[in-house]
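Below you'll find the structure, written out as structure tokens, and then a few comments.
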Amino acid sequence: SAVISQKPSRDICQRGTSLTIQCQVDSQVTMMFWYRQQPGQSLTLIATANQGSEATYESGFVIDKFPISRPNLTFSTLTVSNMSPEDSSIYLCSVLSASSYEQYFGPGTRLTVT
Amino acid sequence: AQKVTQAQTEISVVEKEDVTLDCVYETRDTTYYLFWYKQPPSGELVFLIRRNSFDEQNEISGRYSWNFQKSTSSFNFTITASQVVDSAVYFCALSETSGTYKYIFGTGTRLKVLA
């Protein structure tokens, strides 16, 4: 399984500001995913990030609010823009194993917006 | 549309009891994968198992076992002789096997194992 790290692990931000979350993988992967987990809730997919192409966003999520970059096969960033308290969540990245089709998750970024 | 239902929101058991977590899914795909993940209080998701839709054999791994029944669209998870360290939120997930490989997660079951 891949080893995935995320930065920052947590942050407290003021409304109206933006935060960029980094996701680093220790091996090359084709498919990466970004999820949001609101307090006490399940995981909701924000977008799929493939290297060399635009991210594919799920219904309810837009690029202006959650721009994603995927510059290479081991790294991706998710930006949460113009934050409001409703954006307070855990944000997780995951990678898809090409051999087993299992997703492995990073430790998450716990975001609080005040 | 794909859907995963975990009807049990929270379960409390006393240590050493057996407990079964239910997962019911809906999909029109003939080929798909099912998964279970554990999310302890630390927040990280830990992969537990993957099951291919063509493989209905039950699986046992230590104190964990899984029962997959296509006839009832269920993929239940049993912990035998539960321990306090099993306390976590458990998620069941479904994914297609071509194209996007996106996961559809259930709402999760919070398991509390009391000493």
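The values are calculated or read from the model by the stated rules, or taken from the named source; none is laboratory data. Just so you know, these numbers come straight off a predicted model, no measurement behind them. Glycine gets a Cβ as well: all are built from the backbone with ideal geometry, and neighbour counts include every protein chain shown. Note: areas computed on protein heavy atoms with side chains; ligands, DNA, RNA excluded. Shrake-Rupley method; radii C 1.70, N 1.55, O 1.52, S 1.80 Å.
Using only Cα positions of chain A, each an equal point scatterer, no hydration layer, compute I(q)/I(0) via Debye at q = 0.18 Å⁻¹ and quote the log10 values to two decimals.
Taken in order of the listed q values, log10 I(q)/I(0) reads -0.84.
If you build a Gaussian network model of chain A, linking Cα atoms that sit under 10 Å apart, which residue out of A:GLN41, A:GLN14, A:GLN28 swings the most?
A:GLN41
Cα-based Rg of the protein assembly as shown per 2.2 N^0.38 Å, rounded to two decimals?
1.03
Sequence gap of 8 or more, or different chains, plus Cα separation below 20 Å: how many lysine pairs satisfy both in chain B?
For chain B, qualifying lysine pairs total 7.
Test of understanding: what is the full-extension gain from A:PHE75 to A:SER100, defined as 0.36 nm times their sequence separation minus their Cα-Cα distance?
Extra length from A:PHE75 to A:SER100 when fully extended: 6.9 nm.
Cα centroid distance between the range A:92-114 and the range B:53-81, in Å?
24
Provide the three semi-axes, in whole Å and in decreasing order, of the ellipsoid equivalent to the range B:7-115 as defined by the square roots of 5 times the Cα gyration tensor eigenvalues.
So the equivalent ellipsoid measures 25, 15, 12 Å along its semi-axes.
Count charges around A:LEU111 for me, please; just the other residues with Cβ under 15 Å from its Cβ, Lys/Arg as +1, Asp/Glu as -1.
Within the 15 Å Cβ shell, the charges total +3.
Taking the solvent-accessible surface of protein heavy atoms with a 1.4 Å probe, what is the per residue accessible area of the protein assembly as shown in Å²?
Spelled out: the 1.4 Å probe surface of the protein assembly as shown, per residue, equals 48 Å².
Calculate one ³J(HN,Hα) per residue across the range A:39-56 by plugging θ = phi - 60° into the Karplus curve 6.51 cos²θ - 1.76 cosθ + 1.60, and present them in order as whole Hz with x for glycine and proline.
x, x, 10, 7, 8, 10, 6, 8, 6, 9, 10, 10, 5, x, 9, 5, 5, 9
Check the protein assembly as shown for me: any Cys whose beta-carbon has no other cysteine beta-carbon within less than 4.7 Å?
A:CYS13
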